[in-house]
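Encoded as structure tokens, the structure appears first; notes follow it.
The values are calculated or read from the model by the stated rules, or taken from the named source; none is laboratory data. Just so it is clear, the model here is predicted, and its values are computed rather than measured. We place every Cβ from the backbone using ideal geometry, glycine too, and count neighbours over all the protein chains shown.
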Amino acid sequence: MYHLFKQFLHWLLSFIYKVEVNGMEHYTQAGKRVLIVCNHTSFLDPLLLGVFLPDDITFAINTHIAQRWWLKPLLGLSKVFSLDPTHPLSLKDLIRYLQHDTKVVIFPEGRITVTGSLMKIYDGTGMVADKSGAMVLPVRINGAQYTPFSKLRNIVRLRWFPQITIDILEPTTIHAAANLRGKSRRKYSGHILADIMTEMMFATSHYRQTIFSALLEARHIHGGKHTVAEDLARKPLSYDALITRTILLGKMLQKISQPGENVGVFLPNSTNTLCVVLGLQLVGRTPAMLNYSTGSMGMISACHTAKIRTVLTSRRFMDAGKLQDEADALSAKVKLLYLEDLAKNISPIMKLQGFLQSKTAAYWYKQDQFSPDNPAVVLFTSGSEGTPKGVVLSHTNILANHKQVSARIHFNAQDVVLNFLPMFHSFGFSVGSLLPVLNGMTTFFYPTPLHYAVIPEIAYEINATILFGTNTFFAAYAKKAHAFDFYTVRYAVAGAEKLQESTRQLWLDKFGIRILEGYGVTETSPAAAVNTPMDYKAGSVGRLMPAMHYHLEPVEGIEGAGRLHLAGPNIMQGYLLTDNPGVLVPPSSIFGEGWYDTGDIVSVDEDGFLSIRGRSKRFAKVSGEMVSLAAIEQIAAHAWPDAQHAATSLPDAKKGEIVVLLTTQKQATLKQLADRAEGVAAIGLPRKVISVDVLPMMASGKINYPEVTVLAAKNTVPIEEE
């Protein structure tokens with residue numbers, strides 16, 4: 001009778017929830033003594049596991065929950081081990097029970113999620129796995145959180161019959177070192193279990209798809225009328241409207257470009273730019289985001305490197321940003337197309353077709369139409385010779401990084417992201433723009449991060465809950481903001497440059513907000529490590545993302561740290577270099593193909609937290625912008641060809657770093673250099689020029705840059721805030 005009832009429930013749940021079980025071979029592989037650890041999404045979880053997992057498994061369930069009347073009939077299908085995770089004797093009993101070679105299911109969170117992501121993982125479960133010698137079998141339930149049986153009402157869109165998947169991952173073990181005892185052993189075991197659960201959340205996520213496919217998936221989850229984007233025009237875009245505009249623009253852009261072509265995007269942060277990016281990706285073109293802060297010379301170089309023939313821009317943007325001179329210089333090298341002209345060609349019939357196609361996109365858009373490994377964007381970063389190099393990121397790179405971040409930090413459809421970081425930066429493009437849109441949040445586009453007094457007011461007005469920024473910007477906003485401007489902010493995440501202790505303390509004292517410092521580069525799509533509310537260590541940049549691997553290359557003269565090399569699904573496809581335009585150069589390092597040499601010197605502590613010790617590449621980070629010291633030396637060489645030049649960087653409380661140029665040119669001034677550096681933006685010039693009789697040199701004849709830095713520091717007084 002019991003087996004017939006279980007078969008009936010198997011049929012019923014399969015029918016109404018289309019339950020799909022993956023990885024059953026891992027269940028068999030785990031053996032007889034197994035601790036099954038599962039995320040806790042809803043009240044349905046015990047029933048789902050009891051019905052779809054074979055054998056007579058035992059459920060270790062919190063004593064108070066097991067006594068609830070509505071759960072007792074469901075638990076009657078399996079054995080129940082009443083457990084108080086905070087009571088040591090209860091855990092010891094479970095260890096002895098497991099040692100009789102049985103299979104036990106436990107929910108390490110101890111409660112149903114109220115965030116949609118993993119909650120706190122109790123150390124006790126890790127200790128049970130360690131002491132019992134059981135195989136740990138990670139199982140993820142996905143989809144049940146969208147049912148009315150979850151605790152996410154008013155947080156996500158609930159529905160009665162979403163599809164539910166049960167993913168069973170490869171079994172593993174937890175073995176603490178023999179010298180660990182007591183609380184240290186328990187903490188270590190819990191730490192390992194938390195990592196197992198986090199890795200499980202990432203490994204079972206759907207990131208092997210195109211960005212447009214992910215957009216359709218997000219609409220299916222959150223609903224077509226859900227608002228996802230807004231800008232200063234104050235015309236909110238829903239998923240339906242965003243997809244309609246994407247399709248319309250995609251059709252127009254398809255006519256003016258070739259499949260696989262890199263198309264330049266010379267546009268500000270706005271919903272229109274978002275639609276342009278998505279429209280290009282929809283039709284198999286690659287948006288190449290031009291960094292207009294580098295001036296016309298930098299953009300022309302980028303177009304050459306990525307073999308860009310067509311650049312999309314806007315007359316309104318040219319007027320508002322006073323960028324007509326840059327546009328004129330650019331138009332001499334490539335074809336400039338204005339969005340206003342494209343919009344004139346969109347007829348009412350085309351709009352109707354776009355609307356109908358957006359409603360039916362889930363049926364006509366083929367998942368295999370474009371490979372997830374195709375390029376999704378080209379972003380430009382400074383090259384070692386001072387000319388921009390293109391960083392090619394695939395759809396998988398970007399989406400994998402989103403899933404890595406969401407496995408570490410919880411966010412939901414009620415969150416509002418204020419994105420003031422420009423979309424030509426990976427931080428502003430991937431994290432500030434696409435991450436919210438593809439995960440049900442609303443992103444508000446603001447065109448510049450430099451309006452220090454306005455941005456706090458915008459955050460207050462739109463009830464922003466998440467901010468992504470740099471130390472420079474966070475410090476400036478804090479000085480201008482009212483103490484209540486950021487009252488709705490849950491997360492303030494800093495990256496791109498070192499977070500100063502003064503900035504951290506100012507935000508904590510004035511707003512009661514703990515800034516979460518992270519680390520990333522364009523080449524890692526961009527997030528590589530981040531502090532989180534559950535994993536936080538001041539002064540560090542957090543722990544590496546799930547599924548990322550690292551090696552530290554020893555550096556002579558540095559103890560306890562090394563040059564960081566990274567590998568993982570978020571590592572770029574490769575570079576486009578100016579000396580071989582349009583040819584992709586895949587990443588590689590001394591550790592092999594696919595590894596990326598960050599050039600940063602870091603240390604990693606026993607808990608896995610990274611601390612940046614310095615940079616081996618010759619770059620300065622000025623207000624979060626990468627400025628090539630080699631490029632500045634080239635500019636100086638062009639201005640004063642008969643002199644010698646050496647550029648270095650010094651720490652600066654306001655800008656993060658400033659660049660100082662030492663030159664043997666007599667009576668050299670910054671104005672002279674700027675006058676001879678046509679097309680170069682101010683950020684690409686040094687902050688100070690110092691004339692010297694002779695540059696410090698090594699015996700080999702090379703410039704002694706450490707001595708250059710010392711000399712620059714002696715001749716540079718702190719620059720007062722403007």
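Screening F161, F52, F59 for residues that are more than 30 Å from Y239 (Cα to Cα) and modelled with pLDDT of 90 or more leaves exactly one candidate, F52.
Table: residues versus (1) hydroxyl-bearing (S, T, Y); (2) more than 29 Å from S623 (Cβ to Cβ).
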site	(1), (2)
F355	no, yes
S358	yes, yes
K366	no, yes
P388	no, no
Q414	no, yes
L434	no, no
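Checking V128 against (1) modelled with pLDDT of 90 or more; (2) in contact with a strand residue (DSSP E or B) (Cβ under 7 Å, 6 or more places away or on another chain), only one condition comes out false. Which one? Every condition holds for V128 apart from (1).
Note on the range 440-484: residues that are under 14 Å from the mean Cα position of the chain (by Cα) and over 30 Å from K389 (Cβ atoms) total 1.
Taken over the range 161-183, the residue count meeting the criterion of being free of Cβ contacts under 8 Å to residues at least 40 places away in the same chain and not polar (S, T, N, Q) is 6. The set of residues in the range 478-504 that are in contact with a strand residue (DSSP E or B) (Cβ under 8 Å, 6 or more places away or on another chain) and aromatic (F, W, Y) comprises F486, Y491. Scanning the range 1-29 for residues that are more than 26 Å from S150 (Cα to Cα) and at pLDDT below 90 yields M1, Y2, H3, L4. In the range 471-483, the count of residues that are β-branched (V, I, T) and out of contact with any Phe, Trp or Tyr (no Cβ under 8 Å at 6 or more places or on another chain) is one or more.
May I ask you to list pairs of residues, at least six apart or on different chains, whose Cβ atoms are under 9 Å apart, with the first in the range 626-654 being without any contact (Cβ under 8 Å) to a residue 24 or more places away in the chain and closer than 28 Å to L499 by Cα and the second being of a type in the set (V, I, T) and assigned to a strand (DSSP E or B)? Listed by first residue and then by second, the contacts come to P651/I658.
Could you pull out every one of the strands (runs of 3 or more DSSP E) wholly within the range 498-566 that has 3 or more residues that are aliphatic (A, V, I, L, M)?
527-530
For the range 441-472, a tally of residues being under 19 Å from T503 (Cβ atoms) and either touching a strand residue (DSSP E or B) at 6+ places or on another chain (Cβ under 9 Å) or at pLDDT 90 or above (or both) returns 15. Cβ-Cβ distances below 7 Å connect the following pairs, each with a first residue in the range 343-363 that is in contact (Cβ under 8 Å) with a residue 12 or more places away in the chain, a second residue that is among the polar types (S, T, N, Q), and a separation of six or more residues or different chains: G354/T244; F355/T244; S358/T244. Here no strands (runs of 3 or more DSSP E) wholly within the range 409-487 include at least 2 residues being β-branched (V, I, T) and touching an Asp or Glu at 6+ places or on another chain (Cβ under 7 Å). Being of a type outside the set (A, V, I, L, M), out of contact with any helix residue (DSSP H, G or I) (no Cβ under 9 Å at 6 or more places or on another chain) and modelled with pLDDT under 90 is true of Q67.
Comparison of S502, S525 shows that the only residue that is over 30 Å from Y207 (Cα atoms) and either under 18 Å from the mean Cα position of the chain (by Cα) or surrounded by fewer than 24 Cβ atoms within 10 Å (Cβ to Cβ) (or both) is S502.
Count, please, the residues in the range 227-255 that happen to be in contact with a His (Cβ under 7 Å, 6 or more places away or on another chain) and not aromatic (F, W, Y).
1
For the range 589-596, the criterion of being buried (at least 19 other Cβ atoms within 10 Å of the Cβ) and in contact (Cβ under 8 Å) with a residue 60 or more places away in the chain is met by at least one residue.
The number of residues in the range 121-151 that are of a type outside the set (V, I, T) and either surrounded by fewer than 19 Cβ atoms within 10 Å (Cβ to Cβ) or touching a helix residue (DSSP H, G or I) at 6+ places or on another chain (Cβ under 6 Å) (or both) comes to 14. With respect to the conditions (1) more than 25 Å from the chain's Cα centre (by Cα); (2) in a helix (DSSP H, G or I); (3) among the β-branched types (V, I, T), I166 falls short on a single one, namely (2).
Only one of the listed residues (R234, R208) is surrounded by fewer than 19 Cβ atoms within 10 Å (Cβ to Cβ), more than 22 Å from the chain's Cα centre (by Cα), closer than 30 Å to F420 by Cα and of a type outside the set (G, A, S). That residue is R234.
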